[in-house]
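> Attaching a single structure in structure tokens format; questions to follow.
The values are calculated or read from the model by the stated rules, or taken from the named source; none is laboratory data. Keep in mind it's a predicted model, so treat the numbers as computed, not measured. Cβ placement follows ideal geometry from the backbone for every residue including glycine, while neighbour counts extend to all protein chains displayed. With ligands, DNA and RNA removed, areas are computed over all heavy atoms of the protein, side chains included. Shrake-Rupley method; radii C 1.70, N 1.55, O 1.52, S 1.80 Å.
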Amino acid sequence: MISTQILQSTIDGLKSITRADICILDTDGKPIAATFEIGNEYESSVLSFVESAADSQLLSGYQFFKVYDEHQLTYIVLIKGDRDDTYLVGKLAAFQISGLIVAYKERYDKDNFIKNLLLDNLLLVDIYNRAKKLHIEPQARRVVIVVETKVEKDTSALETIRGIFAGRAHDFITAVDEKSIIIVKQLKSNEGYDQIDQTANVVLDMLNTEAMSKAVVSYGTIINDIKDVSRSYKEAKMALDVTNIFYSGKNVIAYNKLGIGRLIYQLPPSLCKMYITEIFGEQSPEDFDEETLTTINKFFENNLNVSETSRQLYIHRNTLVYRLDKLQKQTNLDLRVFDDAITFKIAMMVVKYMKYLEDHKF
């Protein structure tokens, strides 16, 4: 159904051109939009007109017109005046509203199609048939971008994003849950991941400055066929989850840059528990004191460089060596040795993943 604001804007525009007063009513005779003050005095006339076989009618100095949606009566248009030019204005208004109905239905159908496509709810044959019917190119380079807002049902964020992509007829903006806004973006032949990253950052900046919304933006891999849109969407959603677990603080995330976090995310919990037990035995990495954890994190940040780590921690080199030796006694892993450092780093990430699973049990 067309919004009241759109109907009001349409008849206001028609009045400014034709100077004729127009009212749109529903089939029960209730006014929806009007360019003049109107009560319920036309209700009985409208009900009589609805029951009649005529598509237009002149009653008591007013022109009445019917507007259909696929042969179903939807609106009644009322025009003040009984002259021939008033009749033409009425026909024009009815035609304009009929066009709006078609446009809005197509937009809704496209939105519904894209949502089902994202959620993988369509058969392969239905995807191509509906894409053809809706004039959507099936073979085109696309990527799915997911914008996760901090506030549920953030309408200002949705409107801001619609504004960014307003001039691009081949891009689709929709939502399948209350915290995510989804962009199915069609790419030019010369656009790649660098351009997608730029788009993601533009979206993030516009949300921060215009909508005052905090958000995280992720995107999947580029696909060439419309049937693979759901795959790119699942990748973008996975990128959000992996970032929340392992890379908190990042605002723009690409699925193809998730690194080892993506592999750990796809491991079965039973295997993760086994690995943690093998590395740490009975003790838990959560039992490490704050000083040890800070030392470990800073050591990894500085690529296992003892001198730089000790400088940034404002401690003597020997103190850092002492802490690393102490950790080695606890875990049998020497973080100064690359293989041991990798083993420890992966183990700590697995611990984070297991904690995430524990916190998100339903």
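> Kirkwood Rh and Cα-based Rg: tell me the resulting Rg over Rh for the stretch 152-303, rounded to two decimals.
Radius of gyration over Kirkwood radius for the stretch 152-303 works out to 1.06.
> Related question: Compute, for the stretch 229-348, the length of the dipole vector about the Cα centre, with Cβ point charges of +1 (Lys, Arg) and -1 (Asp, Glu) only. Units Debye, rounded to 20.
560
> Still on this structure, I have one more. List the aspartates and glutamates whose Cα lies under 17 Å from the Cα of K15, skipping any in the same chain that are fewer than 8 positions away.
Within the straight-line limit of under 17 Å, K15 reaches these aspartates and glutamates: E37, D82, D84, D85.
> Restricting to bridges with both residues inside the chain, how much of the DSSP beta-bridge set is antiparallel, in percent to the nearest 5?
Of those bridges, close to 90 percent are antiparallel.
> Cα convex hull of the stretch 18-69: mean projected area in nm², to one decimal? Walk me through the numbers before you get to the answer.
Details: hull surface 16.1 nm².
Approximately 4.0 nm², given one-decimal rounding.
> Note down the relative contact order for the stretch 157-263 as a percent, whole number, built from C-alpha pairs under 8 angstrom at least six residues apart.
21
> Oh, and also: Quick one: grab Rg to one decimal and Dmax as a whole number for the stretch 276-340, Cα atoms only, in Å.
Every Cα atom of the stretch 276-340 included, Rg and Dmax give 11.7, 34 Å.
> Let's see if you can work this out: charge +1 on each Lys and Arg Cβ, -1 on each Asp and Glu Cβ, no other charges. What is the dipole magnitude of the stretch 265-323 about its Cα centre, in debye to the nearest 20?
On the way: 5 positive and 9 negative charges, 60 e Å.
That gives the stretch 265-323 a dipole magnitude of about 280 debye.
> Roughly speaking, to the nearest percent, how much of the stretch 218-362's 1.4 Å accessible area is carbon and sulfur?
51
> How large is ³J(HN,Hα), in whole Hz, for each residue of the stretch 270-282 in order, when computed from phi with the Karplus curve 6.51 cos²θ - 1.76 cosθ + 1.60 and θ = phi - 60°, using x for Gly and Pro?
Residue by residue, the stretch 270-282 yields 4, 5, 5, 4, 4, 5, 4, 5, 5, 7, 9, x, 7 Hz.
> Give the ranking of R323, R231 by solvent-accessible surface, highest area first, calculated with a 1.4 Å probe.
On the way: R323 55, R231 100 Å².
Reading off the accessible areas and sorting them downward yields R231, R323.
> What residues have an amide H closer than 5 Å to that of D55, excluding those fewer than 5 places away on the same chain, when H is modeled at 1.01 Å from N in the peptide plane?
none
> Roughly how much of C23 is accessible, in Å² to the nearest 10, using a 1.4 Å probe?
The accessible area comes out at roughly 0 Å².
> Highest mean first, how do 210-218, 25-33, 164-172 rank when packing is the count of other Cβ atoms within 10 Å averaged over residues?
Highest to lowest by the protection proxy: 210-218, 25-33, 164-172.
> Still on this structure, I have one more. Ordered by residue, what ³J(HN,Hα) values in Hz, to whole numbers, does the stretch 292-299 give under the Karplus form 6.51 cos²θ - 1.76 cosθ + 1.60, where θ = phi - 60° and Gly and Pro are x?
Computed from phi, the couplings for the stretch 292-299 are 5, 5, 4, 4, 4, 4, 5, 5 Hz.
> Please compare each pair in K115/K257; K110/K132; K298/K326; K179/K227 to a cut-off of 18 Å on the Cα-Cα distance and tell me which ones are over it.
In this structure, K115/K257; K179/K227 lie more than 18 Å apart at Cα.
> Accessible area per residue, 1.4 Å probe, Å², for the chain: what's the number?
About 56 Å² of surface per residue is accessible.
> For the stretch 1-143, what is the convex hull volume of its Cα atoms per residue in Å³?
150
> Select one label from [x] 162; [y] 210; [z] 132: the one whose number is volume of the Cα convex hull per residue in Å³ as derived from the coordinates shown.
Label of the calculated value: [y].
> How much of the accessible area of the stretch 1-80, in percent, comes from carbon and sulfur atoms when a 1.4 Å probe is used?
Carbon plus sulfur share of accessible area: 46 percent.
> Still on this structure, please answer the following. For the chain, what does -39500 (n - 2.57) per DSSP helix run (n ≥ 4), summed and divided by total residues, give at 222 nm, in deg cm²/dmol to the nearest 500?
Counting only the DSSP helices, I get -17000 deg cm²/dmol.
> Given contacts defined as C-alpha pairs under 8 Å and at least six residues apart, what's the relative contact order of the stretch 252-344, whole-number percent?
Relative contact order of the stretch 252-344: 17 percent.
> Got a sec? What order do L293, L7, L123, L47 fall in by accessible area at 1.4 Å, biggest, i.e. largest, first?
Working: L293 45, L7 0, L123 115, L47 70 Å².
If we order L293, L7, L123, L47 from most to least accessible, we get L123, L47, L293, L7.
> Could you check the simple spin-label distance between H135 and I260, using points 7 Å along Cα→Cβ, in nm with one decimal?
So the two model labels end up 5.2 nm from each other.
> Under 1.5 on a/c is rounded, so check that first for the stretch 116-193, then, if it is not, pick prolate when a/b is larger than b/c and oblate when it is not; a ≥ b ≥ c are the square roots of the alpha carbon gyration tensor eigenvalues.
oblate
> About its Cα centre, what dipole magnitude does the chain give when the only charges are +1 on Lys and Arg Cβ and -1 on Asp and Glu Cβ, stated in debye to the nearest 20?
Magnitude of the dipole: close to 980 debye.
> Please work out the Cα center distance from the stretch 82-138 to the stretch 233-264, rounded to the nearest Å.
Value for the Cα centre distance between the two parts: 36 Å.
> Suppose a student asked you for the relative contact order of the chain, using Cα pairs under 8 Å spaced at least 6 residues apart; what percent would you report? Each step should come with its number before you reach the end.
Values: 483 pairs, mean separation 37.7, N = 362.
RCO, the chain: 10 percent.
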